[in-house]
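Structure, as structure tokens:
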Amino acid sequence: MKRESRRGEAAPAGKRRGRGLRLLRRLFPDCVVDSVYEIDYDRLYRSGVRAVLYDIDNTLVLHDEPATEEAKRLFRRIHGAGLRIALLSNNQEKRVGSFARECGADLYFCDAHKPSPKAYRRAGAELGLPGRALFFFGDQLFTDIWGARNAGIPNALVRPRGREKYFHIRLKRLLERPILFLYRHFGEYREGIRIEEDGARK
């Protein structure tokens, strides 16, 4: 006999698991990269990207580290490729503004409240670019990647540059582990940004 479903009945376990995995997929990055310093930005430009968005701490430099010569050279290289640069950080004006000025960023947002998509969308609006012409790099799933996904911006999870300085971030790293496990086994896990020969970004 066919069993009729009733309003208020719990969904079958399989459906609940499927729904849970779909929600977790919102935390999956488009790809994983070892370092922002190893990206071929000329090819990224040819793929249609016109601006790169960065988190700062443990993405470009260590936590609370001032702008390094390596970061300044990177920004010059990116500008040379024809790309513009925006910084999106949950840190304060003193930290973000000074870093942006020293490195020569075109735009920056402090107190960005990631994972809210607002700063990501404002960056696109102020640069005059649609989401598909942006590419975001960050080292944390729960702030950086989730925010980029919420804003519909292509993104890469960057492996942290060093050991975490603060306890609350070390705690988030522990929470990230099972999600990264699921990403590797159930997501479209990718190492590096794939760019086809015709210039299309994958």
**OP:** Those residues that are without any contact (Cβ under 8 Å) to a residue 40 or more places away in the chain and either surrounded by fewer than 16 Cβ atoms within 10 Å (Cβ to Cβ) or among the acidic types (D, E) (or both), I need them from the stretch 143-172; list them, please.
**Re:** G152, R163, F167, H168, R170, L171, K172
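Let's see how each residue does on (1) modelled with pLDDT under 95; (2) among the small types (G, A, S):
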site: S47; (1), (2): no, yes
site: I56; (1), (2): no, no
site: L60; (1), (2): no, no
site: E102; (1), (2): no, no
site: L107; (1), (2): no, no
site: G124; (1), (2): no, yes
site: Q140; (1), (2): yes, no
Original post:
Is the stretch 120-142 home to any residue that is under 19 Å from L180 (Cβ atoms) and either polar (S, T, N, Q) or surrounded by fewer than 21 Cβ atoms within 10 Å (Cβ to Cβ) (or both)?
Top reply: yes
**OP:** Filter the stretch 24-70 down to residues that are out of contact with any strand residue (DSSP E or B) (no Cβ under 8 Å at 6 or more places or on another chain), of a type in the set (A, V, I, L, M, F, W, C) and assigned to a loop (DSSP other than H, G, I, E, B), then give me how many there are.
**Re:** 2
Subject >> Residues of the stretch 122-160 classified as more than 13 Å from A86 (Cβ to Cβ) and either among the aliphatic types (A, V, I, L, M) or assigned to a strand (DSSP E or B) (or both), total >> reply: 6
Subject >> The one condition in (1) surrounded by 14 or more Cβ atoms within 10 Å (Cβ to Cβ); (2) touching a residue at least 24 places away in the same chain (Cβ under 8 Å); (3) in contact with a strand residue (DSSP E or B) (Cβ under 9 Å, 6 or more places away or on another chain); (4) not in a helix (DSSP H, G or I) that P115 fails to fulfil >> reply: (3)
Subject >> Exclusive hit being closer than 25 Å to R73 by Cβ and among the charged types (D, E, K, R), set R132, R159 >> reply: R159
Original post:
When Y37 is evaluated against the numbered criteria (1) at pLDDT 95 or above; (2) crowded, with 18+ Cβ neighbours inside 10 Å, which criterion, by number, is the only one it fails?
Top reply: (2)
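The values are calculated or read from the model by the stated rules, or taken from the named source; none is laboratory data. These numbers come from a predicted model, not from an experiment. As a convention, Cβ positions derive from the backbone with ideal geometry for all residues, glycine included, and neighbour counts pool all protein chains shown.
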